[in-house]
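Colleague: This is the structure I have questions about; it appears just below.
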Amino acid sequence: MKKLSLAEAVGETLGYDITEVKRSMNYKGVAFKRGHVIQEEDISVLQGLGKNHIYVCEEFETDVHEDTAATTLAPKIAGENISFEDQPREGKINFYAQIRGIFKVDYERLAQLNRLAIPSLPTIHNNFPVVKGKQVAAFRIIPLTCTRQMLEQMLEQVEQPLICVKPYKIKTAAILVTGNEVHSGRITDGFTPLLTAKLQQYGVTVTYTTILPDVKAEISQAVKKAAEKSDLVLVTGGSSVDPDDVTVTALHEAGVQFDEQGNPIQPGNNLTIGYINAIPVCAVPAAALVFEKTALDIFLPRILAGETISKEEIAKSGHGGLCHFCPKCHYPICPFGWGAS
């Protein structure tokens with residue numbers, strides 16, 4: 001592109017988007033689009049934007065323009081259930097979730113792409129729960145142009161898509177509330193409405209609920225029955241280290257297989273995730289009644305997407321796994337639980 005003074009640029013074609021910032025209106029956008037033919041009346045506007053010179057298109061360009069780089073890379077970056085803008089703005093293309101689910105990014109290859117220094121591809125966190133229309137990433141090159149060799153290097157890093165959204169697979173759930181005090185009616189069941197509301201956020205319907213005493217045989221039988229009717233079983237209460245807490249033992253006796261009992265996250269470190277005939281079964285501790293967000297909220301979206309959380313992932317969840325206990329909870333727009341994602 002060729003640099004010209006404003007007076008020389010009249011009648012020439014603008015080679016890039018020119019940005020306008022209005023702080024009083026909290027606005028940042030395009031004042032003049034690439035391809036705009038400069039008019040006499042544009043000069044005062046450009047001067048008001050701090051421009052004394054601009055760059056115009058030349059007949060033969062050897063480098064790749066930022067818009068071309070963005071439109072070339074975008075369809076390669078986007079995987080399943082990701083949409084992106086047809087046209088760049090200020091050289092940038094945004095990416096959006098097409099469905100409700102969890103956002104996935106290959107962050108090793110993401111880092112490889114960003115190590116090239118020319119491209120800029122930020123994303124939201126891996127495993128972040130998203131709804132349709134949520135922005136998940138944005139791509140641009142940092143300079144106005146790049147070499148064709150650099151474009152080829154970037155394309156090598158996106159031979160396979162970098163980002164996608166996995167849909168939630170689990171559609172139905174059972175809630176089994178345990179505890180003599182709840183079963184007898186001395187204490188009102190708070191778990192069922194709480195967990196029902198959490199599940200509804202992800203499109204899951206609760207199809208079976210019951211309240212059980214602290215009797216291992218009854219809990220075991222109920223778990224087997226629930227697993228036959230539902231895609232997910234949540235069992236509440238009796239999962240701590242008190243001698244009379246029998247829930248986890250009852251789950252073992254029902255045939256639930258656990259890789260790990262408990263997890264490092266606080267609150268909610270007695271949340272235990274297991275499987276019976278491929279149906280996920282979660283022992284949900286009382287922390288879920290007290291704290292707005294716990295380990296359950298961190299792992300639940302992945303469970304609903306049909307993912308099995310490994311022993312190693314559970315161990316790594318301790319990094320960033322301590323809640324900040326903010327006066328007003330903003331999770332998931334929060335560092336809680338994202339350290340190992």
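The values are calculated or read from the model by the stated rules, or taken from the named source; none is laboratory data. These numbers were taken from a predicted model, which means no experiment stands behind them. Glycine gets a Cβ as well: all are built from the backbone with ideal geometry, and neighbour counts include every protein chain shown.
Colleague: Any residue at all in segment 17-26 that's hydroxyl-bearing (S, T, Y), under 23 Å from T68 (Cβ atoms) and modelled with pLDDT of 80 or more?
Modeller: Yes, segment 17-26 contains at least one residue that is hydroxyl-bearing (S, T, Y), under 23 Å from T68 (Cβ atoms) and modelled with pLDDT of 80 or more.
Colleague: What number of residues within segment 68-92 are in contact with a Lys or Arg (Cβ under 7 Å, 6 or more places away or on another chain) and either among the charged types (D, E, K, R) or farther than 16 Å from E152 by Cβ (or both)? Can you show your working first?
Modeller: First, pick out the residues of segment 68-92 that are in contact with a Lys or Arg (Cβ under 7 Å, 6 or more places away or on another chain): 70, 91-92.
With the extra rule that they be either among the charged types (D, E, K, R) or farther than 16 Å from E152 by Cβ (or both), the set shrinks to 91-92.
Total meeting the criteria: 2.
Colleague: Got a sec? Which of P280, P301 is crowded, with 19+ Cβ neighbours inside 10 Å and farther than 23 Å from T210 by Cα?
Modeller: Details: P280 fails: farther than 23 Å from T210 by Cα.
On inspection, the qualifying residue turns out to be P301.
Colleague: Also, I was wondering about something else. Kindly evaluate L300 against the criterion of being in contact with a Cys (Cβ under 9 Å, 6 or more places away or on another chain) and aliphatic (A, V, I, L, M).
Modeller: Taking the combined requirement at face value, the residue satisfies it.
Colleague: Now a separate question. Could you tell me whether any residue of segment 36-51 is in contact with a Lys or Arg (Cβ under 9 Å, 6 or more places away or on another chain) and in contact (Cβ under 8 Å) with a residue 40 or more places away in the chain?
Modeller: No, that holds for no residue.
Colleague: Still on this structure, please answer the following. What do you reckon, is R140 at pLDDT 95 or above and among the charged types (D, E, K, R)?
Modeller: Spelling it out, R140 is indeed at pLDDT 95 or above and among the charged types (D, E, K, R).
Colleague: Among the residues of segment 242-260, is there at least one that is under 21 Å from L199 (Cα atoms), in the same structural domain as E181 (by TED's automatic domain parsing) and at pLDDT below 95?
Modeller: no
Colleague: In addition: Can you list the strands (runs of 3 or more DSSP E) found entirely within segment 1-101 that contain at least 2 residues being exposed (fewer than 15 other Cβ atoms within 10 Å of the Cβ)?
Modeller: The qualifying strands (runs of 3 or more DSSP E) are 2-5, 18-22, 27-32.
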